[in-house]
Amino acid sequence: MKVSYYINNPSNKIVENDTTRILKNSSALDFHKTLKGYEPTPLISLPGLAKKYGIGSIYLKDESKRFGLNAFKSLGAVYAISRVLKENANIQTFCTATDGNHGRAVAWGATLFGKKSVVYVPFDTTENRMKAIENEGAIVEKINGNYDDACAHAEKMCVKNGWQLVQDMAWENYEKIPADIVAGYMSLFVEMEDSINKLPKAEVDLVFVQAGVGSFAAAAAFYYLNRYGANRPKMVIVEPNEADAVFASFSEGKITTSKGNATTIMAGLNCGTPSSGGWDLLKSGTDVSLKIDDDYARLAMRELFFPIEGDTSIISGESGVAGFAGFTAIIKDEKLKNIREVLGINNKTKVLFISTEGDTDRNVFNEIVRAK
């Protein structure tokens with residue numbers, strides 16, 4: 001199974017820009033706590049798995065429990081929608097492009113505020129994912145193109161129809177709403193401040209985060225840089241081999257569109273170009289960028305679902321499992337020995353994974369975990 005990596009030399013300093021100014025002044029968790037159904041998602045310890053991989057501890061934050069939506073994306077979408085409506089309560093329709101979870105979150109958030117939503121999805125989006133978005137009240141339309149094409153189409157339709165775009169990807173002259181989405185994502189890290197994210201130093205050594213456009217990874221980078229500075233945990237970003245926008249950008253030294261064929265089971269990470277709003281944060285707070293074969297994700301899904309005796313069974317979807325899948329690749333592949341050394345992985349290392357989704361397409365999930 002193919003794995004490629006890029007070793008970054010992070011500055012550990014937050015670059016001052018419009019995005020980081022919004023993040024520094026946000027208090028998204030205070031807003032989330034006002035919503036019906038809010039509860040911190042579980043932080044699960046997996047000592048059996050840690051022993052198997054020869055490290056000190058494994059912690060997993062299970063975002064499948066978030067607002068009944070089976071994914072973390074609601075944190076960003078509903079917070080951004082609330083900020084938009086605070087400035088203009090007369091907006092009636094919100095619109096976005098999505099590979100699944102973000103669109104469902106926008107639809108849910110719009111309905112929460114009594115508004116309408118229109119969601120555009122790429123050509124290869126499964127019927128189950130589309131149905132989940134429709135069930136939250138959205139009009140869903142599949143376009144003949146990939147995720148980047150869907151983003152462009154959503155922007156065009158917003159201009160044409162006077163709708164409000166709520167996209168988690170930033171570009172020139174579209175930065176505020178994506179920054180509010182990143183701010184919303186940070187709530188899941190703040191929730192851990194009474195456990196593993198204590199001051200003066202985090203109780204974990206390594207944090208693995210998955211990336212599509214990189215907004216979630218940017219939330220992680222900002223949170224740990226802002227809280228700990230150079231004493232932050234080391235961070236690894238994991239992507240699919242064929243949708244490696246962040247990896248390609250690190251390799252080129254600038255924001256770059258992936259040259260992969262955009263074929264991956266990790267649908268939520270199947271994005272072609274990184275968000276401009278988070279790029280400086282990724283450069284400043286990432287130690288290793290990694291891209292992996294889908295087979296690593298399949299194996300990781302099964303390993304979490306069928307746990308070592310004593311551990312909790314985790315339902316983590318194809319995108320949700322990516323961080324853990326990247327970790328298993330680093331441990332199992334002898335060609336990645338130098339990455340283990342760069343990250344300082346040893347028998348005392350404490351690692352955090354974020355399972356960003358559960359079985360968001362149950363048919364696909366069951367097919368993978370039941371495979372021999």
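In plain terms, the chain from Asn347 to Arg370 could stretch by 5.1 nm, reckoned as 0.36 nm per residue minus the Cα-Cα distance. Highest-first packing order for the peptide set 129-135, 320-326, 106-112 is 320-326, 106-112, 129-135, based on the mean count of other beta carbon atoms within 10 Å. Computed over the chain, the per-residue total of -39500 (n - 2.57) for DSSP H runs of n ≥ 4 gives a 222 nm mean residue ellipticity of -11500 deg cm²/dmol, rounded to 500. Residues whose amide H lies under 5 Å from that of Lys201, counting only those 5 or more places away or on a different chain, are absent; hydrogens are built 1.01 Å from N in the peptide plane. A straight chain from Arg362 to Lys332 at 0.36 nm per residue would run longer than the Cα-Cα distance by 8.0 nm.
Distant-in-sequence amide contacts of Thr256, defined by a placed amide H-H separation under 5 Å and a gap of 5 or more residues or a different chain, comprise Ser249. Working note: Karplus 6.51/-1.76/1.60 with θ = phi - 60° gives the stretch 7-16 the couplings 8, 8, 10, x, 7, 6, 10, 7, 6, 6 Hz, where Gly and Pro are set to x.
Peptides 42-48, 80-86 ranked from most to least packed give 80-86, 42-48, packing being the mean of other C-beta atoms within 10 angstrom over each peptide's residues.
From the P(r) of the stretch 74-167, could you give the percentage of C-alpha pairs in the tail past 19 Å? Tail of the P(r) past 19 Å holds 31 percent of the pairs. For the stretch 64-222, DSSP calls about 10 percent of its internal beta bridges antiparallel. Test of understanding: extend the Cα→C-beta vector of Gln92 to 7 Å, then name every residue of the stretch 106-131 with backbone N under 13 Å from that spot. Only 115-117 pass the distance filter.
For the chain, the longest principal axis of the C-alpha atoms and the axis of helix 322-332 are separated by about 20°. Compared with the dominant principal axis of the Cα atoms in the chain, helix 176-185 is inclined by about 40°. Of all DSSP-defined beta bridges confined to the stretch 29-131, some 40% are antiparallel rather than parallel. Based on alpha-carbon atoms, the Kirkwood radius and the radius of gyration of the stretch 1-117 give Rg/Rh equal to 1.06. Working ranking of peptides 332-345, 138-151 by packing, defined as the average number of other Cβ atoms within 10 Å per residue, highest first, is 138-151, 332-345. Show me the trypsin sites (Lys or Arg not before Pro) within the stretch 148-256 that DSSP assigns to loop and that have at most 13 other Cβ atoms within 10 Å of their Cβ. Answer by residue number: Lys198, Lys201, Lys254. The equivalent ellipsoid that matches the C-alpha gyration tensor of the chain spans semi-axes of 30, 22, 20 angstrom, in descending order.
Note on the chain: with a GNM built from Cα contacts shorter than 10 Å, the maximum mean-square fluctuation among Asn17, Asn197, Asn241 falls on Asn17.
Read-outs: derived from the displayed coordinates by stated rules, not from any lab. Computed from a prediction, not measured in an experiment: that's the story for all the values here. Cβ: placed from backbone, ideal geometry, glycine included. Neighbour counts: every protein chain shown.
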